[in-house]
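In what follows, a structure is listed as structure tokens, so that the remarks can point back to it.
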Amino acid sequence: MRFTPGRVVLHRHFARDVLVWAPLVRVVADDDLGLRLWLPHGTPLIRELTLAGENPRDLPFAEWIAAPKHIVVESYRGPSILKFNPRGAAYSVWWLWAPDGRFAAWYVNLEEPSVRWDDGSTGGAAGVDLTDQDLDIWVWPDRQWAFKDDDELEERLAFPDHYWVADGEDVRARARAMIPVIEAGTFPFDGTWCDFRPDPQWTLPEPARAGWDRPRMRERVHDV
């Protein structure tokens, strides 16, 4: 399955089978390298919050687990991002831009391999489903780097009945494997796409009306 450039799709993040975050993103390209998605500041998104309006980073994980939650529709308030998901990879690499359009940093997001879906109708819903594994890597333009959210990973691993990451060491090992690539400045940290500009005709999509609440799509296991 490949998506047509310019198409708007749901980028759905799950905690196991619970939807927790789903912005609408626009397909930049979908080819042999992988999938590129554009998430601009102000994009509509669906997210899970506590009834008091808190997100998972606002309180200890034990309190987050116990708190009643609901789904809300908001606007994405972070920096505009180009997301690159290499085919079959258990990570994505993001290009982040400052408000004035300057390239600001790369960001390596450790995640389960994503799975695509498409309802097949003209103008219908389509999406990419995944689970974020919390540990990330900041990479600045000079290729200095730093791990991010290792403390969250460590805290949440203490709750195996609720946490969506089963093997923290595997996540850390995959993060460490990215460091030689970063420090060598090889693709995708070689300047590729640092001058990216979205199609000027692309507007912010309308909030999702359909497809966002469908069951999570997972890879099918084929009998041998």
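Taken together, the residues in the stretch 175-199 that are exposed (fewer than 13 other Cβ atoms within 10 Å of the Cβ), of a type outside the set (Lys, Arg) and either modelled with pLDDT under 95 or assigned to a helix (DSSP H, G or I) (or both) amount to 3.
Name the residue, out of Ala173, Ala166, Ala158, Ala208, that is under 26 Å from Trp38 (Cα atoms) and of a type in the set (Gly, Ala, Ser). Reasoning before the result, please.
Values: Ala173 fails: under 26 Å from Trp38 (Cα atoms); Ala166 fails: under 26 Å from Trp38 (Cα atoms); Ala158 fails: under 26 Å from Trp38 (Cα atoms).
On inspection, the qualifying residue turns out to be Ala208.
For the stretch 190-213, indicate whether the set of residues that are within 28 Å of Leu45 (Cα to Cα), of a type in the set (D, E, K, R) and under 19 Å from the mean Cα position of the chain (by Cα) is non-empty. Checked against the condition, which is being within 28 Å of Leu45 (Cα to Cα), of a type in the set (D, E, K, R) and under 19 Å from the mean Cα position of the chain (by Cα), the stretch 190-213 yields at least one hit.
Where in the stretch 55-159 are there strands (runs of 3 or more DSSP E), lying fully within it, with 3 or more residues that are over 26 Å from Arg209 (Cα atoms)?
Details: elements: 69-75, 81-86, 91-97, 103-111, 115-118, 126-130, 132-139, 145-148.
Fully inside the stretch 55-159 and qualifying: 91-97, 103-111, 132-139, 145-148.
Selection of first residues in the stretch 4-21 that are on the phi > 0 side of the Ramachandran plot and of second residues that are surrounded by 13 or more Cβ atoms within 10 Å (Cβ to Cβ), restricted to Cβ pairs under 8 Å at least 6 apart or on distinct chains, gives the following pairs, ordered by first then second residue: Gly6/Arg26; Gly6/Val27; Gly6/Trp202; Arg16/Thr131; Arg16/Trp164. Annotation: Pro215 fulfils all but one of (1) of a type outside the set (Phe, Trp, Tyr); (2) within 15 Å of Tyr91 (Cβ to Cβ); (3) assigned to a loop (DSSP other than H, G, I, E, B); the unmet one is (2).
Among the residues making up the stretch 141-182, those that are of a type in the set (Phe, Trp, Tyr), within 20 Å of the chain's Cα centre (by Cα) and closer than 17 Å to Ala15 by Cα are Tyr163, Trp164. Checked against the criterion of being touching a Ser or Thr at 6+ places or on another chain (Cβ under 8 Å) and over 25 Å from Arg218 (Cα atoms), the stretch 71-84 contains one or more residues that satisfy it. Yes or no: the stretch 31-50 includes at least one residue that is touching an Asp or Glu at 6+ places or on another chain (Cβ under 8 Å) and loosely packed, with under 13 Cβ neighbours inside 10 Å. Taking every residue of the stretch 31-50 in turn, none turns out to be touching an Asp or Glu at 6+ places or on another chain (Cβ under 8 Å) and loosely packed, with under 13 Cβ neighbours inside 10 Å.
Only a single criterion out of (1) surrounded by 13 or more Cβ atoms within 10 Å (Cβ to Cβ); (2) under 20 Å from Leu110 (Cβ atoms); (3) among the acidic types (Asp, Glu) is not satisfied by Asp17, namely (1). Trp138 fulfils the conditions (1) free of Cβ contacts under 8 Å to residues at least 60 places away in the same chain; (2) surrounded by 14 or more Cβ atoms within 10 Å (Cβ to Cβ); (3) within 25 Å of Arg16 (Cβ to Cβ); (4) in contact with a strand residue (DSSP E or B) (Cβ under 7 Å, 6 or more places away or on another chain) except for a single criterion, (3).
The values are calculated or read from the model by the stated rules, or taken from the named source; none is laboratory data. Quick caveat, the model's predicted, so the values are computed rather than measured. Don't worry about glycine lacking a Cβ; one is built from the backbone with ideal geometry, like all the others, and counts go over all protein chains shown.
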